[in-house]
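Student: So that we are looking at the same thing, I have put the structure below in structure tokens.
The values are calculated or read from the model by the stated rules, or taken from the named source; none is laboratory data. Keep in mind it's a predicted model, so treat the numbers as computed, not measured. Cβ placement follows ideal geometry from the backbone for every residue including glycine, while neighbour counts extend to all protein chains displayed. Please note that ligands, DNA and RNA were not included when accessible areas were found on the heavy atoms of the full protein model with its side chains. Shrake-Rupley method; radii C 1.70, N 1.55, O 1.52, S 1.80 Å.
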Amino acid sequence: MTEAVLMGAGTRRELIAFRIGDQEFCVDIMSVREIRGWTTATPLPRSPAFVKGVINLRGAVLPIVDLGARLGLATSEPTARHVIMVVKIGERTVGLLVDAVSDIINLTDDAVQPTPDVACDTVRMFVKGLFALDGRMISLISLDHVLPETEAEAA
Amino acid sequence: MDPLESIKATFFQECDELLTDAEQGLLALEAGDTDPETINAVFRAVHSVKGGAGAFGLEDLIRFAHVFETVMDMLRSGEMHLTDDVAKTLLRASDVLADHVEAARTGGKVDEARSAPILAELQALAGHEGLDDDGDGGLDGGEIDFTPLTLSIEEDAAPLAPPVPEIPTAQVWEVYFRPRAEMYAKANDTALVLRELARLGKAEVVLDQSDLPTLDHLAAEHAYLSWTIRLETEADEASIREVFEFVEDDCDLTIAREGEEPAQAAPADDFDLAALLAKAHAAPSEPEAPAAVVEPPPAAAAEVDVAALIARAQEAAPIIEAAKPAEPPRAATPAAAAPPPAAAAAAAPAAPPTATIRVDLDRVDRLINAVGELVIQQAMLSQRVLESGLARSSDVALGLEDLELLTREIQDSVMAIRAQPVKSVFQRMPRLVREVADMVGKRVRLVMEGENTEVDKTVIERLSDPITHMLRNAIDHGLETPDERQEAGKGAEGTVKLAALHRGGRIVIEVSDDGKGINRKRVRGIAVNKGLIAEDAVLTDEEIDNLIFLPGFSTAETISDISGRGVGMDVVKRSIQALGGRISISSEPGKGSKFTMSLPLTLAVLDGMVLSASEQTLVAPLSNIVESLTPRSEDVHFIGGQDAVIRIRDTFVPLIDVGVSLGFRDAPIDPASGVAILVESEGGGKAALVVEAIQGQRQVVIKSLEANYQQVPGVAAATILGDGRVALILDVDSLVSNSRRKGGRPEKRMAAA
């Protein structure tokens, strides 16, 4: 595992990097509770396409969000090689379906560049920023909007 | 939590218990109990509420409780006779007292319009009866009505006790006050007492610390200090003594006019338990204790944990039987065996430890959840072991069987922790009955049975509304007015019975009255008028009775505040069905009617039918299911293009393809190739759910979907099956109502069945 330490001012943080298709993303390590292999999910009726269903995580019912589909990337049916990252979003625990977890990255906040204007709205909603690492580009994901909007619940 | 806040919270918890005690005592008195101990018990309860309120400075509560207490005191001393009217006033006063406590808890205000008349009535009772000693106690309603003229809400909390023949001029009193260790052990503080005393007049307080030993001889829990107070006041001796009310039994107290020979006033309580214990323990076992004491001893003593003290008392008393935890402290303190009521009230905070503990509900819930997981894991493990081909007689399989038994046992025990007697709901009902009876001008006696029947807390919380509604209904519609009753040859007072019992793994709540019963002819007429049934429908008596559960049905000719908005019984039925319960009614004209509702003992698990549809495993709550059948193609008809109905014994009910309804597939399966499950939803709407197969009946643990995700239409919750997969629990009501939105009104046809 390569550990890249970027020097500079700002808060240092640890991130978990993962891969969907040929793109790399990362989230704050503090929000990740565990990483587990893919198990077949029970589909939920009338749910958005990116919600793969629910699985049993030691007794808790855990919704699985296909992060690729959420970001608008092309996705394929999940296989045993796929990985579920269990993350905490607010009070909720959610499983994110990704292709593979690749790295733990150490960096400071000032290494993150703002998302360029080129990106479409969907992407800008999730991608907080970009940074370069060993010639690769990694997008920093914000988890706040990963779950579907809950107007339906309020109604 | 702020320590004071937590003490306050405890106080309010105690208040609830005390108020219940008081109410029960008053009910017993109203029912004709003349045992002085019952009066004493009520007095003590009210007194303790007042005492606690005093500690927190809850002025309104104190004022009300004080007057209440005065009346109780007069009853106790025989100055006033207990009549029916007095008992009724006191009962209403206890309701208002509860309001005051609630207001103090929430920081709100009591409705003065409610509180003031009762306060006035109480004051009238106290004043009137106190002066008038003819002793017949015959207060009629008219007198009470007029007495509010004497009302002064702002009246000081000063005692309304009968005036003592004494000229209220300033006198000089000499008070000698020597607290014993018990006083500190009960968390009483000398400073508060002295401050209270100083309010009576000019006080000169002299501390006598001559008994204070040197630090190395000092026992932390002993009391060494005494005070002499020279008090210049207009108050009489009784008022001074009242200051010491709570500590009277735990101190040496003499009160005398200056120059008079002080009379020994302290009770002859020589058995100084704490002092003995302190002696016994201080020397050998606490060598470092004196060094640790930097505060003056009384302060240190005041911090002594009462429980610890009692625990030691238990150690010290060898006669203890472990099975009777409430007994030993009494045995150890014979002086407390027959305490005067006031002393008992003061001693209440230091009551012997009962065999219960208060636990945060969150912790219990966590435990229950964890055990739920354990059960599922255990089931998964068993399944895996079986699948792995191990013989049933192998050690592993046998061990798993034991494990299964053990897990069941743990689950039962854990559920029992959260189980509570229905008392907490029942005890609110007497008040409700009184209020409703007053409103509709009927005389009602409430009889309650099976208050100790236990049921899971999740169910308890939701019992209150249906019971309230059923009781209101029984009083408003079921019972006749006193005149009607007498015409019918019954006593003027009607009886409503509320009973709880366990039956077949469910809790059954029965509400019955001895009223006129259901007027079937009228019910039928209304149902026809409202188009709920066909005019020529042939219905059994039972079916007619149950028409009152149909939505939009109301039999009250005049719409009253209490019930009869036409949302009555169908709302009750719906809320009970939402809990997985059922409700039915039986009635006998002229003799009364009886509502019976049965509910599961817990909402944490559910009896369900495991189904498969579109390759998914689903669970339908058993409480919704009426029957299951294999549809024959000739019974399936189509209304228009898509909407199918099925004929079940001459009734057409809509067919709902579960797979399509949940969006798992686009085209419905041929009903004849699957299974139809006849379900009944809220309001009695029926439908047939079509699925591929029924897997079996199982008890499942209910898991929330909302916790991590959000509500899903058509799905009530989720569960985890033995294979570790999540299965969805169908929300039958929403499935049916979704289909009804496009379809007709199935309940019309239902009623005609």
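Student: Only residues that are part of a loop (DSSP other than H, G, I, E, B) and crowded, with 17+ Cβ neighbours inside 10 Å: list them for segment B:665-691, please.
Tutor: Hits for segment B:665-691 are B:PRO668, B:ILE669, B:GLY674, B:SER681, B:GLY685.
Student: Determine if segment B:372-391 includes at least one residue that is at pLDDT below 85, open to solvent by less than 70 Å² (accessible area, probe 1.4 Å) and not in a helix (DSSP H, G or I).
Tutor: Yes, segment B:372-391 has at least one match.
Student: Answer with yes or no whether B:GLU242 is within 13 Å of B:GLU174 (Cβ to Cβ), open to solvent by 30 Å² or more (accessible area, probe 1.4 Å) and of a type outside the set (A, V, I, L, M, F, W, C). Explain how you work it out, then say what you get.
Tutor: Numbers: within 13 Å of B:GLU174 (Cβ to Cβ): no; open to solvent by 30 Å² or more (accessible area, probe 1.4 Å): yes; of a type outside the set (A, V, I, L, M, F, W, C): yes.
Considered against the rule, which asks whether it is within 13 Å of B:GLU174 (Cβ to Cβ), open to solvent by 30 Å² or more (accessible area, probe 1.4 Å) and of a type outside the set (A, V, I, L, M, F, W, C), B:GLU242 comes out as no.
Student: Hey, could you check segment B:99-132 for residues that are among the small types (Gly, Ala, Ser) and touching an Asp or Glu at 6+ places or on another chain (Cβ under 8 Å) and say which is nearest to B:ARG431 (Cα to Cα)? Lay out the reasoning, then the answer.
Tutor: Within segment B:99-132, the subset among the small types (Gly, Ala, Ser) is B:103-104, B:107-108, B:113, B:115-116, B:120, B:124, B:126-127, B:130.
So of that shortlist, the ones also touching an Asp or Glu at 6+ places or on another chain (Cβ under 8 Å) come out as B:103-104, B:108, B:115, B:124, B:130.
Numbers: B:ALA103: 17, B:ALA104: 19, B:GLY108: 21, B:SER115: 15, B:ALA124: 23, B:GLY130: 28 Å.
So the residue we want is B:SER115.
Student: Do we find a residue being more than 14 Å from A:ALA17 (Cα to Cα), within 14 Å of another protein chain (Cβ to nearest Cβ), in contact with an Asp or Glu (Cβ under 6 Å, 6 or more places away or on another chain) and crowded, with 16+ Cβ neighbours inside 10 Å anywhere in segment A:143-155?
Tutor: no
Student: When the residues of segment A:120-142 are filtered to those that are charged (D, E, K, R) and closer than 27 Å to A:PRO48 by Cβ, which remaining residue is surrounded by the most Cβ atoms within 10 Å (Cβ to Cβ)? Before you say what the answer is, go through the steps one by one.
Tutor: Let us first name the residues in segment A:120-142 that are charged (D, E, K, R), namely A:121, A:124, A:128, A:134, A:136.
Narrowing the set further to residues that are closer than 27 Å to A:PRO48 by Cβ leaves A:121, A:124, A:128.
Numbers: A:ASP121: 6, A:ARG124: 15, A:LYS128: 17.
Per the stated criteria, the residue is A:LYS128.
Student: Of all residues in segment B:697-720, count the ones that are more than 9 Å from every other protein chain (Cβ to nearest Cβ) and outside any strand (DSSP E or B). Walk me through how you get there before you give the answer.
Tutor: We begin by selecting, within segment B:697-720, every residue more than 9 Å from every other protein chain (Cβ to nearest Cβ); these are B:697-700, B:702, B:716.
Keeping just the survivors that are outside any strand (DSSP E or B) gives B:702.
The total comes to 1.
Yes or no, residue by residue, for (1) touching a Pro at 6+ places or on another chain (Cβ under 8 Å); (2) open to solvent by less than 30 Å² (accessible area, probe 1.4 Å); (3) at pLDDT 80 or above:
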residue	(1), (2), (3)
B:GLY515	no, yes, yes
B:ASN519	yes, no, yes
B:ASP545	no, yes, yes
B:GLY552	no, no, no
B:GLY566	no, yes, no
B:LEU579	yes, yes, no
B:SER593	no, yes, yes
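Student: Do any strands (runs of 3 or more DSSP E) entirely within segment B:189-261 hold 3 or more residues that are more than 29 Å from B:SER48 (Cβ to Cβ), and if so, which? Spell out how you get there, then give the answer.
Tutor: Details: elements: B:201-208, B:226-233, B:251-257.
By residue number, B:201-208, B:226-233.
Student: Please determine, by comparing only the residues of segment A:84-119 that are open to solvent by less than 60 Å² (accessible area, probe 1.4 Å), polar (S, T, N, Q) and more than 14 Å from every other protein chain (Cβ to nearest Cβ), which one is farthest from A:GLY53 (Cα to Cα).
Tutor: A:THR108
Student: Here's a follow-up. Scan segment A:120-136 and tell me whether some residue there is out of contact with any helix residue (DSSP H, G or I) (no Cβ under 7 Å at 6 or more places or on another chain), within 30 Å of B:ALA707 (Cβ to Cβ), within 14 Å of chain B (Cβ to nearest Cβ) and of a type in the set (A, V, I, L, M).
Tutor: no
Student: Run B:LEU501 past the list (1) within 30 Å of B:VAL605 (Cα to Cα); (2) modelled with pLDDT of 85 or more; (3) surrounded by 20 or more Cβ atoms within 10 Å (Cβ to Cβ) and report the number of the one that doesn't hold.
Tutor: Unmet for B:LEU501, out of (1) within 30 Å of B:VAL605 (Cα to Cα); (2) modelled with pLDDT of 85 or more; (3) surrounded by 20 or more Cβ atoms within 10 Å (Cβ to Cβ): (3).
Student: Another question about this same structure. Which residues, counting only those in segment A:40-74, are open to solvent by 50 Å² or more (accessible area, probe 1.4 Å) and touching a residue at least 40 places away in the same chain (Cβ under 8 Å)?
Tutor: Of all residues in segment A:40-74, those open to solvent by 50 Å² or more (accessible area, probe 1.4 Å) come to A:40, A:46, A:49, A:52, A:58, A:72, A:74.
The answer is A:LYS52, A:GLY72, A:ALA74.
Student: Among the candidates B:GLN711, B:GLN695, which residue alone is within 35 Å of the chain's Cα centre (by Cα) and either aromatic (Phe, Trp, Tyr) or open to solvent by 20 Å² or more (accessible area, probe 1.4 Å) (or both)?
Tutor: Values: B:GLN695 fails: within 35 Å of the chain's Cα centre (by Cα).
Residue meeting the stated conditions: B:GLN711.
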